[in-house]
Amino acid sequence: SGFFKLALETGTPIIPAYLNGTNKVIKKKSLLIHPGKITVNFAPPIFVPKAQTTRIAKSEILALSEKVRNIILKL
């Protein structure tokens, strides 16, 4: 949530990204890295308006994080 709060405080755009294939390169419960292909998918930026106050409601942070999550799930 800190990342989303920072974006709201500064008005910095968020670029949703998804890494596909990491589960084949680094297996669960293993420190070994195996050769493989990882694809990075980017969505268009989400332009976040800069907050007018230093106090940002948790509901704003949660709404932004949910929006980004839904975009990533569509990638």
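The values are calculated or read from the model by the stated rules, or taken from the named source; none is laboratory data. Since the model is a prediction, treat every value here as computed from it, not as a measurement. Note that we place each Cβ from the backbone using ideal geometry, even for glycine, and neighbour counts take in every protein chain shown. The protein model used for the area step is the full one, side chains on, heavy atoms only, and it has no ligands, DNA or RNA in it. Shrake-Rupley method; radii C 1.70, N 1.55, O 1.52, S 1.80 Å.
Taken together, the residues in region 65-75 that are among the aliphatic types (A, V, I, L, M) and open to solvent by 90 Å² or more (accessible area, probe 1.4 Å) amount to 1.
So, in region 21-56, exactly how many residues are at pLDDT 95 or above, polar (S, T, N, Q) and surrounded by 11 or more Cβ atoms within 10 Å (Cβ to Cβ)? Counting residues in region 21-56 that are at pLDDT 95 or above, polar (S, T, N, Q) and surrounded by 11 or more Cβ atoms within 10 Å (Cβ to Cβ) gives 1.
Within region 4-14, the set of residues being surrounded by fewer than 12 Cβ atoms within 10 Å (Cβ to Cβ) and in contact with a strand residue (DSSP E or B) (Cβ under 9 Å, 6 or more places away or on another chain) comprises just one member, Pro13.
Among the residues of region 1-56, those identified as in a strand (DSSP E or B) and over 21 Å from Leu73 (Cβ atoms) are Ile26, Ile33.
Is it true that Leu62 is in contact (Cβ under 8 Å) with a residue 40 or more places away in the chain, part of a helix (DSSP H, G or I) and exposed (fewer than 14 other Cβ atoms within 10 Å of the Cβ)? The answer is yes for Leu62.
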